[in-house]
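**Student:** Right, I'll just put the structure down here and ask away after.
The values are calculated or read from the model by the stated rules, or taken from the named source; none is laboratory data. Computed from a predicted model, the values in this text were never measured in an experiment. No Cβ is skipped: glycine too gets one built from the backbone with ideal geometry, and neighbour counts run over all protein chains shown. Please note that ligands, DNA and RNA were not included when accessible areas were found on the heavy atoms of the full protein model with its side chains. Shrake-Rupley method; radii C 1.70, N 1.55, O 1.52, S 1.80 Å.
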Amino acid sequence: MTPIDRAVNDLILRLYRGSTEVTFSRFQNWSLDLLGGLVRFDAAWWGKANSEPSKILSVHLMHADPSILDDYRKVDAVDFFRDAMLAKPGTTINVYDLISRKDFERSAIYTRYGRKHRIEAAVGTILVEPVSSMVDFLTLWRFDARWPFSETDRVVVERLTPHLIEANRISRLV
């Protein structure tokens, strides 16, 4: 077992223990802090949405300005990143696996939204609840374009996102 595998397994165990020990109001920040120990990021949004029609129902922001939500509503029709996540639920998508940095800087989502909120690199995952078709999502971003997410970062986020979401659900129920 590699050191990263050990760290991921340890974090999963801490998440499930924390789901019954950390108050629900603190759980998402607490668990994102844990994740940040393995995959550095500057900001995150974690939430729940309807898939059809697409509508954000709840969002937890970490180190992001609350205006990001209203601003997103103005560009959601051109969000190719979200569309890629919806096309591959359970797979963590790195924005730079979809588009080059140069093309990203010229995209409508960046010029009308990303630049304002300092979204210079992003990875994100959507999970679909099988019965309700509701979606849970987690997106992490970095404020420095010189610091893109690596493939290791992407894989770690992909392995941990289902556990983050399930542990959060347990915390809410407790």
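**Student:** Please go through segment 8-45 and give me each residue that is outside any helix (DSSP H, G or I) and either open to solvent by 10 Å² or more (accessible area, probe 1.4 Å) or on the phi > 0 side of the Ramachandran plot (or both), ordered by number.
**Tutor:** Val22, Thr23, Gly37, Leu38, Arg40, Phe41, Asp42, Trp45
Residue-by-condition table, conditions (1) part of a helix (DSSP H, G or I); (2) surrounded by fewer than 20 Cβ atoms within 10 Å (Cβ to Cβ); (3) among the charged types (D, E, K, R):
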site	(1), (2), (3)
Ser132	no, yes, no
Phe137	no, no, no
Leu140	no, no, no
Asp144	no, yes, yes
Pro148	no, yes, no
Val156	yes, no, no
His163	yes, yes, no
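**Student:** Has segment 82-97 got any residue that is of a type in the set (Lys, Arg) and either farther than 29 Å from Thr23 by Cα or open to solvent by less than 20 Å² (accessible area, probe 1.4 Å) (or both)?
**Tutor:** Yes, segment 82-97 contains at least one residue that is of a type in the set (Lys, Arg) and either farther than 29 Å from Thr23 by Cα or open to solvent by less than 20 Å² (accessible area, probe 1.4 Å) (or both).
**Student:** Only one of these conditions is not met by Thr91: (1) part of a loop (DSSP other than H, G, I, E, B); (2) out of contact with any Ser or Thr (no Cβ under 8 Å at 6 or more places or on another chain). Which number is it?
**Tutor:** The failed condition is (2).
**Student:** Quick one: how many residues across segment 95-130 are in a loop (DSSP other than H, G, I, E, B), hydrophobic (A, V, I, L, M, F, W, C) and over 16 Å from the mean Cα position of the chain (by Cα)?
**Tutor:** So the count comes out to 1.
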